[in-house]
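Enquirer: Okay, here's the structure, questions in a sec.
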Amino acid sequence: MNIMKNTILGILMLAFTAIASAEGPWLTSIEEGVKKAKAENKLVMIEFTGSDWCPPCKMMAKAVFTKEEFLKKAQESYVLVKLDMPNSNPELKAANTKLMQQYKVSGVPTILLFDADGKEFNRFTATAHPKVDLFLKHLAKAKRRKDMI
């Protein structure tokens, strides 16, 4: 009985930590992102990051991902999902590292773009587009290419 109780408590703590670690409109589950994208006729942008140990991730968070202009414009076409692997949260890091391996992501910050059915159609290193305008242009270009298929 105690094992089940501790397991449930652990799962709840992980879920609350994941929710707390997301910033603003960012979801923390690919499944939830795809579900929301399907309901809203949007695409999904997934960011794999190491928020408390990865200098390029910290730079992208500060320069792009927390900016109001980025958040407003990106959400017109994309549901945003952040999968963080922080050293400060070993359980969350382990869970999202498994997802990193599942999707064959070799480093952070990496962006995956999915359609509303959960099918990947683009991936890139976030730091290739280190400013809001450059990042938004890349998202728009990827969407246009996807729409032409």
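Enquirer: Among the residues of region 24-45, what is the count of those that are of a type in the set (A, V, I, L, M), touching a residue at least 12 places away in the same chain (Cβ under 8 Å) and surrounded by fewer than 20 Cβ atoms within 10 Å (Cβ to Cβ)?
Expert: Adding up the residues that qualify gives 1.
Enquirer: Whether any residue in region 86-95 is over 24 Å from Gly24 (Cβ atoms) and surrounded by fewer than 18 Cβ atoms within 10 Å (Cβ to Cβ) is what I want to check.
Expert: Yes: one or more hits.
Enquirer: Does Ser77 qualify as being over 25 Å from Asp52 (Cα atoms) and at pLDDT 95 or above?
Expert: Here the answer is yes, as Ser77 does meet what is asked.
The values are calculated or read from the model by the stated rules, or taken from the named source; none is laboratory data. As the structure is a prediction and not an experimental result, all values here were calculated from the model. Please note: Cβ atoms are built from the backbone with ideal geometry, for glycine as well, and neighbour counts cover all protein chains shown.
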